[in-house]
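Visitor: Below is the structure I would like to discuss, written out as structure tokens.
What follows draws every value from the coordinates through simple rules; no lab data is involved. Just so it is clear, the structure is predicted and the values come from calculations on it, not from any experiment. Because the Cβ atoms are built from the backbone with ideal geometry, glycine has one as well, and the counts that use them run over all protein chains shown.
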Amino acid sequence: MNFVLAAGLLDVDPGLFVWILITFTLFIVAFSKFAWKPILGALQQREQSIKESIEAAEVAIKKAEQISKDNEVALREAEAAAQRIRKEAVEEAEALRLDRVEKTKEETSRMLDQARATIQAEQKKALEDLRNEVADLAIKSARLILDAEIDETKNRKLVDNFIKDISKN
């Protein structure tokens, strides 16, 4: 019985075959007339939009690469400018430091010169005071000597020798 069923499935019914052929032909005609063009149009639109998206993405990638290159160039220029500014600042600071050192040296030199001049003036004044004091002492000594001895030439010589000795010191 299994054989009979199997053989029945392989039997061709000409009427059914004709109806299937007519239905398939009508389906193909209706499909090609009503559905094929819209489906092909939709597929072409989809293909076109995908191409446009790919092209837009490629343009965006190129723009991004160009912007990246421009940013790298700008970064290098900014780094160079920063280096230059830093170098100028260091040079300016060094010049300012040297100027201050020079001004300090000049001020110190001026103060030393002023101190030396003051010391010399004080020295001269002290020496003058000392000479006056020595002269007064010499006169007093001379009076005492004169009072004790009236030999003026001898006393004069003693006073002159005494003043000469003081002048040398």
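Visitor: Rg and Dmax of the range 1-95 over Cα atoms: what are they, in angstrom?
Guide: Taking only Cα atoms of the range 1-95, I get Rg and Dmax of 37.3, 118 Å.
Visitor: Taking each full run of DSSP H in the chain as one helix, which ones are at least 20 Å long along their axis (Cα atoms) and have mean Kyte-Doolittle hydropathy of at least 1.0?
Guide: Those that clear 20 Å and a mean of 1.0 are 14-30.
Visitor: Right, something else. Using the Kirkwood formula on the Cα atoms of the range 12-169, what hydrodynamic radius do you get, in angstrom to one decimal?
Guide: Values: mean 1/r = 0.0343 Å⁻¹.
Computed over the range 12-169, the radius equals 29.2 Å.
Visitor: Debye calculation, C-alpha points only, no solvent: report log10 I(q)/I(0) for the range 67-160 at q = 0.17 Å⁻¹, in the same order as the q values.
Guide: Each listed q corresponds, in turn, to -0.89.
Visitor: Right, next: Taking the dipole about the Cα centre of the range 32-169, with the C-beta of Lys and Arg at +1 and of Asp and Glu at -1, give me whichever of 64, 42, 127 is farthest to the positive side.
Guide: After comparing all options, I get 42.
Visitor: Setting aside same-chain residues fewer than 8 positions from residue 51, which lysines have a Cα under 19 Å from its Cα?
Guide: Cross-link targets: 62, 63.
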